[in-house]
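Worksheet for the structure shown next.
The values are calculated or read from the model by the stated rules, or taken from the named source; none is laboratory data. Everything numeric in this text was worked out from a predicted model, so none of it was measured. Cβ coordinates were reconstructed from backbone atoms using ideal geometry, including for glycine residues, and neighbour counts include every protein chain displayed.
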Amino acid sequence: MTGAAARLAAAGVESPRVDAELLLAHALGVPRARLITLDDVADTARFESLLEQRVARVPLQHLTGRAAFRHLELSVGPGVFVPRPETEQIAGWVLDRVADLATPVVVDLGTGSGAIALAVAGEHPGAQVTAVERDADAIAWTRLNADARAAAGDTPVTVLAGDMTDPQLLRDLDGTVDVVVSNPPYVPDDARLPREVADHDPPLALWGGPDGLDVVRGLLHTAARLLRPGGLLAIEHADAQGTSLPALVRSHGGFTDVADHPDLAGRPRYTTAQSQKR
Ligand code: GLN
């Protein structure tokens, strides 16, 4: 079994031991904590098949079908962007900022698996959350996760098929939204992504044009219209966009208190702003 971890390590997997354990637990249908030590457990054909796929850099989360995000265990697979740990923080920022509101109206643009929307709804029972997704394959996963969380007792999230840059999107919420949050596609066209990202996350969730900010430009128009005066905007971005995205928000006009925030690794990760009080 140390053999399994070694094979993953040789394939360049970042956390070979953990991945091997999670795949073995998945193959055996037991929680990871039940594995006393991997060296004691006989390999199974199912485990071997999972291991081979992981060596070929299929994302761990596609093999287990699950992705952890804050308190959630989301269903994921081909067709939907696997939520990343660094995005947990922007959800936390939103939750901090709406903690004192009884029924905050929150819109998650480009929700994918539903990670941010469902985390907010799960951690703030009064939140009225709408999750928007344009990708027909991805939104099947959004709906699956939203249904599962509602069945588990969380306040239901409204899932809407639509493009965040559509000027007609969510017209009925114009001027009423407390927070617009998004992890948009922001990867610049010339960036090189790791194989497991480029080959398995949906292109629509990744690529953002020459400077990576094409989708964000449309998003800003939608957000400016949806937000109530004093409402808040939070947008995730790439490491290299810690100056360009705040500058874009400032030059768009209508926003104050533009700030940028690092992730836990200290890299610039999300920009926040407040819609001008009229
Ligand atoms: N952070 C993502 C990555 O690791 C990109 C996400 C995005 O474009 N929203 O590739």
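Which ones in the range 179-213 are of a type in the set (D, E, K, R) and either in contact with a Ser or Thr (Cβ under 9 Å, 6 or more places away or on another chain) or outside the structural domain of residue 268 (by TED's automatic domain parsing) (or both)?
211
Here are some residues: 121, 138, 131, 146. Which one is hydrophobic (A, V, I, L, M, F, W, C), more than 22 Å from residue 97 (Cα to Cα), surrounded by 16 or more Cβ atoms within 10 Å (Cβ to Cβ) and touching a strand residue (DSSP E or B) at 6+ places or on another chain (Cβ under 9 Å)? Step through it out loud before you land on a result.
On the way: 121 fails: more than 22 Å from residue 97 (Cα to Cα); 138 fails: touching a strand residue (DSSP E or B) at 6+ places or on another chain (Cβ under 9 Å); 131 fails: more than 22 Å from residue 97 (Cα to Cα).
The unique qualifying residue is 146.
May I ask you to list the residues in the range 261-276 that are modelled with pLDDT of 95 or more, buried (at least 18 other Cβ atoms within 10 Å of the Cβ) and not polar (S, T, N, Q)?
268, 269, 270, 273
All but one of (1) within 26 Å of residue 92 (Cβ to Cβ); (2) in contact with a helix residue (DSSP H, G or I) (Cβ under 6 Å, 6 or more places away or on another chain) hold for residue 224, so report the exception by its number.
(2)
When the range 150-188 is examined, which residues are found to be surrounded by fewer than 16 Cβ atoms within 10 Å (Cβ to Cβ) and in a loop (DSSP other than H, G, I, E, B)?
152, 153, 156, 166, 167, 168, 174, 175, 176
Before we move on, is residue 223 closer than 23 Å to residue 120 by Cβ, in a helix (DSSP H, G or I) and within 8 Å of the ligand (Cβ to nearest atom)?
Numbers: closer than 23 Å to residue 120 by Cβ: yes; in a helix (DSSP H, G or I): yes; within 8 Å of the ligand (Cβ to nearest atom): no.
No, not satisfied.
Which condition does residue 197 not pass, out of (1) under 17 Å from the mean Cα position of the chain (by Cα); (2) among the hydrophobic types (A, V, I, L, M, F, W, C); (3) surrounded by 19 or more Cβ atoms within 10 Å (Cβ to Cβ), if it passes all the others?
(3)
Residue 234 passes all but one of (1) out of contact with any Asp or Glu (no Cβ under 9 Å at 6 or more places or on another chain); (2) within 14 Å of the ligand (Cβ to nearest atom); (3) outside any strand (DSSP E or B); which number fails?
Among (1) out of contact with any Asp or Glu (no Cβ under 9 Å at 6 or more places or on another chain); (2) within 14 Å of the ligand (Cβ to nearest atom); (3) outside any strand (DSSP E or B), residue 234 violates only (3).
What number of residues in the range 205-215 are more than 10 Å from the ligand (Cβ to nearest atom) and at negative phi? Even if it seems obvious, please write down each step before you answer.
So in the range 205-215, the residues more than 10 Å from the ligand (Cβ to nearest atom) come out as 209-211, 213-214.
Filter again for at negative phi, leaving 210-211, 213-214.
Total satisfying the criteria: 4.
Looking at 229, 246, can you tell me which residue is more than 21 Å from residue 191 (Cβ to Cβ) and away from the ligand (no atom under 12 Å from the Cβ)? Write out each step before concluding.
Values: 246 fails: more than 21 Å from residue 191 (Cβ to Cβ).
Result of the check over 229, 246: 229.
With respect to residue 166, is the statement that it is over 19 Å from residue 219 (Cβ atoms), more than 16 Å from the ligand (Cβ to nearest atom) and of a type in the set (Asp, Glu) true?
Values: over 19 Å from residue 219 (Cβ atoms): no; more than 16 Å from the ligand (Cβ to nearest atom): yes; of a type in the set (Asp, Glu): yes.
Answer is no for this residue.
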